[in-house]
Structure formats: structure tokens, C-alpha cells
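A.B. asks: Would you mind keeping the following structure in view while I ask a few things?
Read-outs throughout are calculated quantities, based only on the coordinates presented, and are distinct from any laboratory measurement. Note that the coordinates shown come from a computational prediction; the quantities given were computed from them, not determined experimentally. Here Cβ is always computed from backbone atoms with ideal geometry, including for glycine, and neighbour counts include all displayed protein chains.
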Ligand code: 4AD
Ligand code: MG
């Protein structure tokens, strides 16, 4: 059976066809009834017109309303309407599942995204969430195409792990210990030897550390999977569960890393513009005016490079009051990131060489001993979309950084080992998949670009 997307592109035909989907709208008149039916394959719905030739058809039509699941049989005729080439002239209709209008929450009007979040089980039936869903799926494919075309191997890094990659203490703990009666050691500490893994474990915040293991054997790898952060930030760009893409390259310094990040983002933007034309037109018209031009502009642009030190200088010289004052050493807030990319660089910018104190232990120390070979890619409207670095590949320095940050080197013995055996300059980055979708679709809130957002105090569905 053909999907609606295909039917809409077909020529009229007398061959009998069946179409099934959910009713978006119904328009009743004396002798005919018009329906718009959608099956998720495209933004556009198929118009179906049915003659009220029998009492049976009439009775079925009475019970069909917005949201009902229906199957029509008929032929594909040329449409007199100017919005579509073809429409279905149906001679049979089967109501499969009713959607009583008194209670069906999705009526033919614009609902707020906040409201739709509360009905996440029905929201994929709306135009916007349907379009997001198709873009998200296409973009996943684009991610794999990009790396597979370039010989990167896809590595499945673990979801449960005992090492905190970012060292930021944002790991969700995974335990089978009874919370009400936790076994204790003599000193009163939790006795993790009795826990499932025999030591503290959690949900991964990043696949990077394990990714590095594979990069130091397979040269070029990438991961693409869920990551988790018990970050207490209730913002429009943070989730507790999000998907991340993390390439890692051996024999590669920060320059190669920046080049890959730029090539990757441009590839993804181009990919979606090519593969999701209708959906992108929709976002361009209804969600963010000028979206397509701005993406096209990025594809044709060259990303600006700026050191953190220069970025701070720009921010201090800015003619503007920031909520968070800037001085050398502070982490950049979203307001600073947006200023840099929107006002200073007027396009994507890669900020490098951040102070070591505000970045993770694994980043390579620069000769100045103050900064590390970090890179954040910032884009207009959003701020940080990618975070990455060249990795510390020198054993002694890595050991020192671990200790400096109060981490226990024993927990990272295998990570240190990689610096003892065949160590090599290597680099990688992480692209937040939802941030990428937000940027591409222009959607304001990250909760609306993932099917089931997990945020502070929210794990419904
Ligand atoms: O900058 P982050 O924390 O970098 C890492 O995790 C590195 N281990 C990546 C690497 O070098 N392999 O996170 C990377 C990206 C961010 O730039 C952002 O796009 C996204 O992940 N991200 C989040 N997205 C949604 N919700 C959150 N809470 C996020 N935290 C980070
Ligand atoms: Mg970051």
C-alpha cells in the first residue's frame, strides 16, 4: 500500500487504491464529504472526497471526526483545488477507530507547545511535531552518511559506566541497593561492594572516554547514542536525557578537529535542506522566518575562529550590560555566546583555548599552562552546539590534571594506560543532536525536538 507522500506525487489513475491514516479535517455538505487524511509520511495531507451514495456510507461518515483512524478505497483523480495535484475519490470508507470530538484534545486550531507537551502521546499528529519527527529521522541518517562516507567506524559505547567523563558530578546513579536501608561500611560510607557492579556506577554523560579507546585502534570513530545529565538547569536548551554524536580521531590535533566540526555541520544543514524540503518550508514560514536563508548562509560561510582570551576582550568591550559579568577565567554563559556569534562574528564561531579550570580534565594543556586546547562551536539563536578538544596525550600531564580536579587516578587506570602504549595526538567533539535539530528547525524549546523530553521533575510518557 502506498503512503500518502507517494500518492501526492503520483499521476491520476483509475487503478483502485487504499489509503489509511488519521483524519485531520472534515467538511460535510449535502451530497459529499471532504476529508484531509494524514499518515505521517508528509506534511501535506491527502484530500479525500466521498459521495454520500448510500445510507451505510452516510452513517459511517457521521461517526468520523478529527483524530479518527480511517481507511478509504477509491481512485486518484486530478484535483480541481490549487493546493494539490491529486485527490482521492473514494467509494468505500471504513472507520477503524473513533476519536470522540467531546474529548479528543487536538482540535483544528493552533495549540501552544506547552499544551502539546502535556499530550506527548498525541502531539506527533500535529503539523509541527510531525515535521520535527521527519527532520529528526532524516538527520540521523545524515549523521551516519557523513561518517560512513569518510570511513569512520560507528562504535557503541556503554550507557552504564563507572567513569564520569566530564568530571562534573552530573551522573545519574545506577544502583540495586535498597534506598531505605543502604548497607554501610564501618565509617558510615555506603558499602558499594554489595551493589550490583561492586562499585558506584551511573548513566553515561558522554561516550568519549570509551570512544578514545577505539580511536586509538581504529583511527577514526564516532558514537551516536543517548547521554544523561542530572543537571539542574531548567532552560530551553538543556535535557536530562539527550543524544550526542561524538567523533574521535587519532593522529589529529585541534585544527583537524575544528575543520571536521565545520564540515560536519554544513553537511547536516545541506542534507536536511535537500531531503526535507516541505518540512523546512513549513518551519521557515511558521516557526522562524528566514530560517532557510540563514542555514544556506552558514553552508556557504567560513566559521570564525576566536580564542577565549579574545572572546573575553570582545565581551568586555561590548556596549551592553550582561546578567553575568565577564572577566578572564569565568565560563561563558549563553548570553555571552549569543553575543559573540550574533553580534561580533555574525555567524558560527569556534572559540578555543579556554582556561583549564573551567574545562574537563582530559583536555590538552597549552604551553602557557593556563589554557587548554578546547573548542566550542557557537551558532546564532542558540549558543553552544558543539563542545570538543584535543585530548591530553601525555601521561604525566594527564595524571596531574586528574589529581588537580580531585579525581581518583585509579578510576581512570585504563584511560591513563592509553597514554603509556602507543599514545598519539587525538581529538574529538560532541554535537548535541537536539541542539542541532533546534538550530535547523528554528524550534525555540529543546523539549519540542525530542519525542519524550526528560527534564527536572518530568519523566511522563
Ligand atoms: O560540551 P559537552 O559537555 O562535551 C562533552 O560531553 C564531550 N565529552 C564531547 C566530546 O568531546 N566528545 O557536550 C557536548 C554537546 C554540547 O555542545 C551540547 O550541544 C550538548 O552536547 N549538550 C546538551 N544537549 C542537551 N541537553 C544538555 N543537558 C546538554 N549538555 C550538553
Ligand atoms: Mg560544553
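A.B. asks: Can you list, bin by bin at 5 Å, the percent of alpha carbon pairs in region 323-410, starting at 0?
C.D. replies: P(r) over region 323-410, rounded to whole percents: 3, 15, 21, 21, 17, 12, 7, 4, 1, 0.
A.B. asks: Then there is this: To make sure I understand, if each residue's beta carbon is the centre and we count other beta carbons within 10 Å, what order do 29, 389 fall in, fewest to most? Numbers along the way, then the final one.
C.D. replies: Values: 29 9, 389 25.
Placing the least packed residue first, the sequence is 29, 389.
A.B. asks: Can you sort 282, 429 so the residue with the fewest Cβ neighbours within 10 Å comes first?
C.D. replies: Neighbour counts put them in this order, fewest first: 282, 429.
A.B. asks: Moving on to the next point. How large are Rg and Dmax for region 1-89 when calculated on the C-alpha trace, in angstrom?
C.D. replies: My reading of the Cα-based Rg and Dmax gives 12.2, 33 Å.
A.B. asks: If we sort 325-337, 432-444 on the protection proxy, mean other Cβ atoms within 10 Å, highest first, what's the order?
C.D. replies: Those peptides, ordered most packed to least, come out 432-444, 325-337.
A.B. asks: Next up: Treating the angle as unsigned and between 0 and 90°, give the value, to the nearest 10°, between the Cα long axis of helix 395-404 and the longest Cα principal axis of the chain.
C.D. replies: With rounding to tens, the tilt is 80 degrees.
A.B. asks: What is the log10 of I(q)/I(0) for region 410-449, computed with the Debye formula using one identical point scatterer on each Cα and no solvent, at q = 0.35, 0.36 Å⁻¹?
C.D. replies: -1.05, -1.07
A.B. asks: Could you tell me whether region 74-155 comes out rounded, prolate or oblate from its Cα gyration tensor? Rule is a ≥ b ≥ c as square roots of the eigenvalues, rounded for a/c under 1.5, then prolate if a/b exceeds b/c, otherwise oblate.
C.D. replies: It is oblate, given that a/c is not under 1.5 and a/b is not larger than b/c.
A.B. asks: What's the whole-number percent of alpha carbon pairs in region 188-262 lying beyond 14 angstrom? Intermediate values should be presented prior to the final figure.
C.D. replies: Working: 1973 of 2775 pairs.
Percent of Cα pairs beyond 14 Å in region 188-262: 71.
A.B. asks: Give the angle, between 0 and 90 degrees and rounded to the nearest 10, that separates the Cα long axis of helix 208-218 from the longest principal axis of the Cα atoms of the chain.
C.D. replies: It works out to around 80 degrees.
A.B. asks: How much of the DSSP beta bridge set in the chain is antiparallel, as a percent to the nearest 5?
C.D. replies: 90
A.B. asks: Taking every pair of Cα atoms in the chain, average 1/r, invert it to obtain the Kirkwood radius, and report Rg/Rh to two decimals.
C.D. replies: Taking Rg over the Kirkwood Rh, I get 1.06.
A.B. asks: Next question, about the same structure. Expressed as an acute angle from 0 to 90° and rounded to the nearest 10, what is the orientation of the C-alpha long axis of helix 127-149 relative to the principal long axis of the chain?
C.D. replies: The answer is roughly 50 degrees.
A.B. asks: Based on the alpha carbons, how large is the Rg to Rh ratio for region 106-234 when Rh follows Kirkwood? All intermediate terms of the calculation are to be shown ahead of the outcome.
C.D. replies: Values: Rg = 20.6 Å, Rh = 18.5 Å.
The Rg/Rh ratio comes out at 1.11.
A.B. asks: Where does each of 323, 393 land when they are ranked from fewest to most other beta-carbon atoms within 10 angstrom?
C.D. replies: So the residues, fewest neighbours to most, are 323, 393.
A.B. asks: In addition: So for region 207-307, averaging the separation of alpha carbon pairs under 8 Å that are six or more residues apart and normalising by length, what relative contact order in percent results?
C.D. replies: It comes to 21 percent, rounded to a whole number.
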